[in-house]
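Single-structure report; data block below.
The values are calculated or read from the model by the stated rules, or taken from the named source; none is laboratory data. Keep in mind it's a predicted model, so treat the numbers as computed, not measured. Note that we place each Cβ from the backbone using ideal geometry, even for glycine, and neighbour counts take in every protein chain shown. To get the accessible areas, we keep the full protein, side chains included, count just its heavy atoms, and leave off ligands, DNA and RNA. Shrake-Rupley method; radii C 1.70, N 1.55, O 1.52, S 1.80 Å.
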Amino acid sequence: MDTPISGTPLVRLRTISKHFGEGDSRVDALVDVGIEVHPGQVVGLLGPSGSGKTTLLNVVGCIQEPSAGWMELDGDVVYDGRWLRSDLRRLRLEKIGFIFQFHNLLPFLDATENVAVALTLAGLDTAEAKSRAVELLEYLEVGHRRNAFPAVLSGGEAQRVAIARALANRPRIILADEPTAALDSQRAAIVMDLLRKVATEQRAAILAVTHDEKIFDRFDRIFHLRDGRLDDQT
Amino acid sequence: MNLALRDIRHKLGRFLLTCLGLSLLLGTALSMIGIYHGLVEDALTLVRAPGADVWVVESGTRGPFAESSRIPGDTREAIARLQGVTEAGSVTYQSIETEQRGVKLRFYVVGYEPGRPGGPDRLAAGRPSGRSHYEAIADVRSGLALDERVTLGRRAFTVVGLTDGQVSSGGDPVVYLTLLDSQELQFEQAPPAARRELARGAAPAGTDTVNAVLARVAPGVAADSVAESARRWKHLSAMTQAGQEEILTESVVERARKQIGLFTAILLVVSTVVISLILYTMTMDKIREIATLKLIGAPDRTIIGLILQQALAMGIAGFAFGAGLILAVKDYFPRRVVLHPEDGLMLGAAVIVVCVLASGLGVRLALKVEPAKALGG
């Protein structure tokens, strides 16, 4: 599936490296990685276990500081040998949406509140946040489960609620960690269709780590990582 | 949106059970404070009941509660004649055990002269003693009823009146007898002992001995000066009402007070440790949720608020349950439990401080949680 590349890349990494430990115990998790993800693109990140996929996602999500390199997110240079912004949580709140393998919904909030919590963190009042949350749940075709708690949602429903939460603050960048790993092929297809819809309609860049072969054909580009290095791209 | 309340609502059963456990701990701490106040109040009730201004006891003693005191029965006339004294009365105090309806009972017997200082200040039921022998006025805590007969020593007494809340510093309910009866009870020898004394040529032992003489002074007369006058008799010692109360609170119940105070402090420390562990465990259970919140951009104050609010909710609910529980059952305690509103406020404030301190461990753990923990399987 090809989406025409247009506009400035929302994610731009140059020679990003990340190592853990020093000396004999040093492990190079990422070595000179450079990628670009444009608005509207759904990009896959593939590689065997320990190849550095999750580390790369953590770096792009501003969760882990790279050891070296340069990184730009949505037009802002955020890393150039050091973090250039002190409020990384705020940056994540405003610019990045996260989708997890096991949805990670807060078990004590219902579907609406799980989405609304991201909006209240951004400063919306509770009533407005809930109203917007319901809109998002309807958009992701899970509005009928708005009052259900995560424990009673099916895997597919929970993942759609999680996507709604990731989209709540209209982020331009969405990072997904194995978003379909816990779903059967039918539900995995629905989730990928939703991500595609979000990427297209909201001009967002989606970077997804996956092992799930059944969704390989849903990506515009796929980066292969091996031992922390970009092997090739397809 | 209050995350702490949502989490509590989600695990309400577990939260309530935790609060119940905590409430028992805090209720025990509160009851300790109440028992201490009860101890002091019990001790003072007996001292305050006669409404005396001066206590005259045996020289060199701080009797009759702190130490044994015996003075001649005619001391009362001498004290009554002191300048400034309006009335005086002889009293005896002794602990006694008896069996009633097959149950062992322990009383604190006060002997007094009806119409003179030393008797009960007011009756809850019945009438004052109208005869000089074999009538008793018992406290309701003794379990005795009006017109019930009770055997004390070798004689039976009829309960003609009831007092309410008169117990000794040891918690034994008070039974008032006339002075003559109480002197016989305390000082009369058993017949075999008396026969033995007579056989060896000793004079018959008298019973006209009392433990103390209580005096009331005229308005405007300083009790100190009367006590000073009484002390001129070398065989007597005297103290004011305030002095007697001080002896009781600072001497007789001091050790119990320290013991209870220490125990209360230990309970508060235990409560702090328990709350800390509960909060730590609750936080451990929420590591993934906390990591997710951090990942989606929640500031530290949201995370701290979540833990601190739950700590306070748990502490306040636990304290409220505990206080309610103790208020409901305090009258069933064998010793009097006296709770003052300020005790509740003080313990409540201590609980809030404890909760804030205890939440530190959970907060520390939560702040160390890496947002990356939310990613991965």
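Convex hull volume of the Cα atoms in the protein assembly as shown, per residue, in Å³?
Normalising the Cα hull of the protein assembly as shown by residue number yields 260 Å³.
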Rounded to whole Å, √(5λ) for the Cα gyration tensor eigenvalues of region A:136-234, largest first, gives 25, 16, 11
Beta bridges by DSSP in region A:11-233, antiparallel share as percent, to the nearest 5: 55
Phi angles of region B:132-143, converted by Karplus (6.51 cos²θ - 1.76 cosθ + 1.60, θ = phi - 60°) into ³J(HN,Hα) in whole Hz with x for Gly and Pro, give 7, 9, 6, 10, 10, 10, 10, 7, 4, 5, 6, x
For region B:80-124, which trypsin sites (Lys or Arg not before Pro) are both in a DSSP coil and crowded by at most 15 other Cβ atoms within 10 Å? B:Arg81, B:Arg101, B:Arg122
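Please list B:Ile278, A:Ile206 in order of solvent-accessible area, largest first, computed with a 1.4 Å probe with all protein chains present. If you can, show how the numbers build up before the last one.
Numbers: B:Ile278 35, A:Ile206 0 Å².
So, going from the largest accessible area down, we get B:Ile278, A:Ile206.
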Classify region A:86-126 as rounded, prolate or oblate from the Cα gyration tensor: take a ≥ b ≥ c as the square roots of its eigenvalues, call it rounded if a/c is under 1.5, otherwise prolate when a/b beats b/c and oblate if not. oblate
Taking the simple approach of a point 7 Å from Cα along Cα-to-Cβ for both B:Lys373 and B:Glu197, what is their distance in nm? 8.1
Taking amide H positions as placed 1.01 Å from N in the peptide plane, with prolines and chain starts having none, which residues 5 or more places from A:Arg226, or on another chain, fall under 5 Å of its amide H? A:Asp231
Apply the Karplus curve 6.51 cos²θ - 1.76 cosθ + 1.60, θ = phi - 60°, to the phi angles in region A:163-179 and return the couplings in whole Hz, x for Gly and Pro. 5, 4, 5, 5, 8, 3, 9, 6, x, 8, 10, 10, 10, 10, 9, 6, x
Placing one equal point scatterer on each C-alpha of region B:93-181 and summing with Debye, one gets log10 I(q)/I(0) at q = 0.14, 0.18, 0.20, 0.25 Å⁻¹ equal to -0.39, -0.68, -0.86, -1.44
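If we count every other residue with Cβ under 14 angstrom of B:Asn211's Cβ, Lys/Arg +1 and Asp/Glu -1, where does the sum land?
With Lys, Arg at +1 and Asp, Glu at -1, the neighbours total -1.
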Packing rank of A:222-228, A:110-116, where each peptide gets the mean count of other beta carbons within 10 Å, highest leading: A:110-116, A:222-228
Computed over chain A: relative contact order in percent, which uses C-alpha pairs under 8 Å that are six or more apart: 30
For chain A, longest principal axis from Cα atoms; helix A:126-139 axis from its Cα atoms; angle between them, nearest 10 degrees, is 80
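Tell me the per residue accessible area of chain B using a 1.4 Å probe; a whole number in Å² is fine. Before the final figure, lay out each step's value.
Numbers: 17470 Å² over 377 residues.
Averaged over the residues of chain B, the accessible area is 46 Å².
Starting from the Cα gyration tensor of region B:60-234, take the square roots of the eigenvalues, sort them a ≥ b ≥ c, and report rounded, prolate or oblate (rounded when a/c is under 1.5, otherwise prolate if a/b is larger than b/c, else oblate). Present the calculation step by step, with values, prior to reporting the outcome.
Details: a/c = 2.01, a/b = 1.19, b/c = 1.69.
Because a/c hits 1.5 or more and a/b fails to exceed b/c, region B:60-234 counts as oblate.
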In what order, largest first, do B:Arg62, B:Arg154 sit by accessible area if the probe radius is 1.4 Å? B:Arg154, B:Arg62
For region B:203-358, calculate the relative contact order in percent as a whole number, restricting contacts to Cα pairs under 8 Å that are 6 or more residues apart. 23
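So what is the relative contact order for region B:60-234, in percent, with contacts set as C-alpha pairs under 8 Å and at least six apart?
Working: 340 pairs, mean separation 52.7, N = 175.
30 percent.
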Length gained when the stretch B:Glu254-B:Val270 is fully extended (0.36 nm per residue, less Cα-Cα span): 3.4 nm
Could you order A:Ser185, A:Ser67 so the one with the most accessible surface comes first? Probe is 1.4 Å. A:Ser185, A:Ser67
Region A:104-176 and region A:43-58 have their Cα centres apart by a whole-number Å value of 26
Quick check: from the Cα gyration tensor, does region A:15-94 come out rounded (a/c under 1.5), prolate or oblate? oblate
For region A:17-56, would you read off the P(r) tail past 11 Å as a percentage of all alpha carbon pairs? 71
Report, in deg cm²/dmol and to the nearest 500, the calculated mean residue ellipticity at 222 nm for the protein assembly as shown, where each DSSP H run with n ≥ 4 adds -39500 (n - 2.57) and the sum is divided by the residue count. -13500 deg cm²/dmol
For B:Trp233, the accessible surface traced by a 1.4 Å probe with all protein chains present amounts, in square angstrom to the nearest 10, to 90
With a 30 Å threshold on alpha-carbon distance, the violating pairs from A:Lys53/A:Lys95; A:Lys53/B:Lys294; B:Lys258/B:Lys368; B:Lys11/B:Lys258; A:Lys197/B:Lys368; A:Lys53/A:Lys214 are B:Lys258/B:Lys368; B:Lys11/B:Lys258; A:Lys197/B:Lys368
Amide H contacts under 5 Å for B:Gly126, restricted to residues at least 5 apart in sequence or on another chain and with H modeled in the peptide plane, are B:Leu162
Neighbouring partner chain Cβ atoms per residue of B:22-32, average, 10 Å criterion: 0
Ignore the peptide's own chain and count Cβ atoms of other chains within 10 Å of each Cβ in A:99-107; give me the average, rounded. 5
Taking Cα atoms, how many degrees apart are the long axis of helix B:254-285 and the longest axis of chain B, rounded to 10 and kept between 0 and 90? 10
Could you derive backbone 3J(HN,Hα) for region A:30-40 from the dihedral phi with the Karplus parameters 6.51, -1.76 and 1.60 (θ = phi - 60°), listing whole Hz in sequence and x where the residue is Gly or Pro? 9, 10, 6, 7, x, 9, 9, 10, 9, x, x
Could you order peptides B:71-80, A:32-41 by the average number of other Cβ atoms within 10 Å of their residues, highest first? A:32-41, B:71-80
Centroid-to-centroid separation of region B:289-317 and region B:222-268 [C-alpha atoms, Å]: 52
Amide H to amide H, which residues 5 or more places from B:Arg70 or on other chains are under 5 Å from it, using H placed in the peptide plane? B:Glu58
Taking Rh as the Kirkwood radius computed over C-alpha pairs, what is the Stokes-Einstein D of chain B at 10 °C in a medium of viscosity 1.306 mPa s, expressed in µm² per second? 64
Plugging the Cβ-Cβ distance of B:Ala80 and B:Asp285 into 1/(1 + (r/R0)^6) at R0 = 51 Å yields, to the nearest 0.05, a FRET efficiency of 0.10
I need the semi-axes of the equivalent ellipsoid of region A:11-233: take the C-alpha gyration tensor, multiply each eigenvalue by 5, square-root it, list largest first in whole angstrom. 30, 20, 15
Protection proxy ranking of B:178-187, A:96-105, B:335-344, B:297-306 - average other beta-carbon atoms within 10 Å, highest first: A:96-105, B:178-187, B:297-306, B:335-344
The distance between the Cα centres of region B:130-144 and region B:1-76, in whole Å, is 26
What average number of partner chain Cβ atoms lie no more than 10 Å from the Cβ of the residues making up B:288-294? 5
Beta bridges by DSSP in the protein assembly as shown, antiparallel share as percent, to the nearest 5: 65
Sum up the charges of everything whose Cβ sits under 15 Å from the Cβ of B:Arg62, counting Lys and Arg as +1 and Asp and Glu as -1, but leave B:Arg62 out. -4
Relative to the longest principal axis of chain A, what angle (0 to 90°, nearest 10) does the C-alpha long axis of helix A:185-202 take? 80
